[in-house]
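J.: Below are the structure tokens for one structure; questions will follow.
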Amino acid sequence: MTTTPSGQPSLWDTGDVAGGERDAVVDAFCRGEDASLDHVLLPFDVRGTAAHVRGLGRAGVLTAQEVQTLDAALDELLREWDAGRFTVGAEHEDGHTAIEDALTQRLGELGRKVHTARSRNDQVLTALRLFALEHLRQVDDAATELAEAFAAKAGEARAQGLTMPGYTHGQPAMPLEVAVWCESFRDALADDRRTLAAAIALTDQSPLGSASGFGAPIPLEREATARELGFARVQANPVYCQQSRLKLEAAALNACAQLAWTLGQFACDALLFTSPAYGFLSLPQAMTTGSSLMPNKRNPDVLELLRALHPSVEAAAAEVRMLGVRLGSGYHRDFQMSKRPFLYGLERTRTGVEVARRVVERLQFNPEAMQAALTPELYMTATAHELVIQQGIPFRDAYRQVKAQRHQRHEGDEAP
Ligand code: ARG
């Protein structure tokens, strides 16, 4: 028999399994990366567990004294986790088992009562929702600060009257006010925050009390636990609670991917404009890295990794969405595979937005390089329009006239 540190039989050892020893390789495969991923989720799981314990108190399953004792033990567990002394071991199937086992180790029989009217299915769902809400809100706050940083940069550029070439097809097109370029990212972020708000609203519903996906066998006041955990509402239908795992995670990751898209566009522009060929912008030295071989190099790794954020969060979102393909109602262990891309996608986006703000705040303008790149060709479109207004001629004529004048000036040159 496999036992846990509290001396209890392992969760999967229900006492009625014939056939001797378990297959350790198969068990490890099924546990997957739960030990490390559930470690990250642990504080959220503890919060969910504390709310469930109080719910059991209200339902009359636990006495007020028992609720208090469990509450204190959960607090203690959290402190141990914080100090790095609480880990999910291989003898636990996952973090949920580890919490239950730690409570049993400390409180004996009382610890074993915690899992009443609860399944790991609603337990993990609750922890994931709490994790997602915290992260999505932090991403949203960071996006607000980033938008402010872009607005402040725009102010700086406007005060200096800065203009650089704008590009289409990667070719110089027309003059572009640097402030307008900065403000394009501020505006993109405002839209990204709308998508984030939708993802937050979807995530903001409590699955706790849905148990395995069919409701708890004893009446629980789901409204009360939802309120206690700070959820806006209860996700009432227990079948839908399980159906929405992966789906709501994908929605959260999609919102992150859209935001990462904006960061990627900024990173691509900044990579181009900081390259010596353009030189309109500079990164502070402290944000560049040296080469191990070439003493002449300073590399903009941070911008390249910001550019990589978008494809990498898109991939995480796609992985979660793919896992949901061809799954019917009910819990499926396939769900477990979504935790890695989910935790990764949210955490990476959160730091990515924060990093982007630091970069934007310290980005330097190089007015001379911008000025040098503003060649007369960039003003041809404006000149054609002046002719339209002054001479009242059709735009097509003005266009030809301006083009012909340029040909005369650069005899033999092919106009781009
Ligand atoms: N590690 C599992 C997950 O992330 C926890 C839920 C397990 N539930 C079950 N019925 N085996 O999905």
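J.: Collect the residues in segment 373-404 that are open to solvent by less than 50 Å² (accessible area, probe 1.4 Å) and farther than 29 Å from Gly279 by Cα, keeping them in residue-number order.
T.: Ala384, Leu387, Val388, Ile393, Ala398, Val402, Ala404
J.: Right, another one. Six or more apart or on different chains, Cβ atoms under 8 Å: show the pairs whose first residue is in segment 258-278 and outside any helix (DSSP H, G or I) and whose second is open to solvent by less than 50 Å² (accessible area, probe 1.4 Å).
T.: Tyr278/Ala369; Tyr278/Ala373
J.: Here's a follow-up. Cβ-Cβ below 8 Å, separation at least six or inter-chain, first residue in segment 27-38 and aliphatic (A, V, I, L, M), second open to solvent by 50 Å² or more (accessible area, probe 1.4 Å): which pairs?
T.: Cβ pairs passing all conditions: Ala28/Ala90; Ala35/Thr87; Ala35/Ala90; Leu37/Arg340.
J.: On to the next question. Given the structure, is Arg118 in a loop (DSSP other than H, G, I, E, B), under 31 Å from the mean Cα position of the chain (by Cα) and buried (at least 23 other Cβ atoms within 10 Å of the Cβ)?
T.: Numbers: in a loop (DSSP other than H, G, I, E, B): yes; under 31 Å from the mean Cα position of the chain (by Cα): yes; buried (at least 23 other Cβ atoms within 10 Å of the Cβ): yes.
Yes, satisfied.
Conditions (1) under 26 Å from Leu162 (Cα atoms); (2) modelled with pLDDT under 95; (3) assigned to a helix (DSSP H, G or I), marked per residue:
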| position | (1), (2), (3) |
| --- | --- |
| Tyr344 | no, no, yes |
| Thr351 | no, no, yes |
| Ala369 | yes, no, yes |
| Met380 | yes, yes, yes |
| Arg400 | no, no, yes |
| Gln405 | no, yes, yes |
| Gln408 | no, yes, yes |
| Pro416 | yes, yes, no |
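J.: Being more than 14 Å from the ligand (Cβ to nearest atom) and assigned to a loop (DSSP other than H, G, I, E, B) is the requirement here; does Thr104 meet it? Lay out the reasoning, then the answer.
T.: Details: more than 14 Å from the ligand (Cβ to nearest atom): yes; assigned to a loop (DSSP other than H, G, I, E, B): no.
Answer is no for this residue.
J.: Give me the residue from segment 82-96 that is more than 22 Å from Asp23 (Cβ to Cβ) and more than 10 Å from the ligand (Cβ to nearest atom) and, out of that set, least open to solvent (accessible area, probe 1.4 Å).
T.: Checking each candidate, the answer is Phe86.
J.: Could you go through segment 205-219 and let me know if any residue there is more than 20 Å from Ala117 (Cα to Cα) and surrounded by fewer than 23 Cβ atoms within 10 Å (Cβ to Cβ).
T.: No; the residues of segment 205-219 include none that is more than 20 Å from Ala117 (Cα to Cα) and surrounded by fewer than 23 Cβ atoms within 10 Å (Cβ to Cβ).
Residue-by-condition table, conditions (1) closer than 21 Å to Ser210 by Cβ; (2) within 11 Å of the ligand (Cβ to nearest atom); (3) not small (Gly, Ala, Ser):
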| site | (1), (2), (3) |
| --- | --- |
| Val114 | yes, no, yes |
| Val124 | yes, yes, yes |
| Ala127 | yes, yes, no |
| Phe131 | yes, no, yes |
| Leu136 | no, no, yes |
| Thr144 | no, no, yes |
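J.: If you go through segment 52-64 one residue at a time, do you hit one that is surrounded by 14 or more Cβ atoms within 10 Å (Cβ to Cβ) and within 25 Å of the chain's Cα centre (by Cα)?
T.: The answer is no; no qualifying residue exists.
Condition check ((1) away from the ligand (no atom under 16 Å from the Cβ); (2) farther than 25 Å from Gly166 by Cβ; (3) modelled with pLDDT of 95 or more) across all residues:
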site: Gly279; (1), (2), (3): yes, no, yes
site: Ser292; (1), (2), (3): yes, yes, no
site: Ser312; (1), (2), (3): yes, yes, yes
site: Met337; (1), (2), (3): no, yes, yes
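J.: Please state which one of Glu249, Glu223 is in a helix (DSSP H, G or I) and free of Cβ contacts under 8 Å to residues at least 24 places away in the same chain.
T.: Every option except Glu223 fails the conditions.
J.: Which number in (1) within 16 Å of the ligand (Cβ to nearest atom); (2) surrounded by 12 or more Cβ atoms within 10 Å (Cβ to Cβ) marks the one condition that Arg333 misses?
T.: Result: Arg333 passes all but (2).
J.: State yes or no: is Val325 away from the ligand (no atom under 16 Å from the Cβ) and not in a helix (DSSP H, G or I)?
T.: Working: away from the ligand (no atom under 16 Å from the Cβ): yes; not in a helix (DSSP H, G or I): yes.
When the stated conditions are applied, Val325 passes them.
J.: Could you list, in sequence order, all residues of segment 119-157 that are among the small types (Gly, Ala, Ser) and farther than 29 Å from Glu177 by Cα?
T.: Hits for segment 119-157 are Ser119, Ala127, Ala132.
J.: Within segment 248-296, take every residue that is under 27 Å from the mean Cα position of the chain (by Cα) and loosely packed, with under 15 Cβ neighbours inside 10 Å and give me the one that is nearest to Ser184 (Cα to Cα).
T.: Pro284
The values are calculated or read from the model by the stated rules, or taken from the named source; none is laboratory data. Predicted, not measured: the structure shown is a model, and the values here were computed from it. In this analysis, Cβ positions are derived from the backbone assuming ideal geometry, glycine residues included, and neighbour counts consider all displayed protein chains. Only protein heavy atoms, including side chains, enter the accessible area calculation; ligands, DNA and RNA are left aside. Shrake-Rupley method; radii C 1.70, N 1.55, O 1.52, S 1.80 Å.
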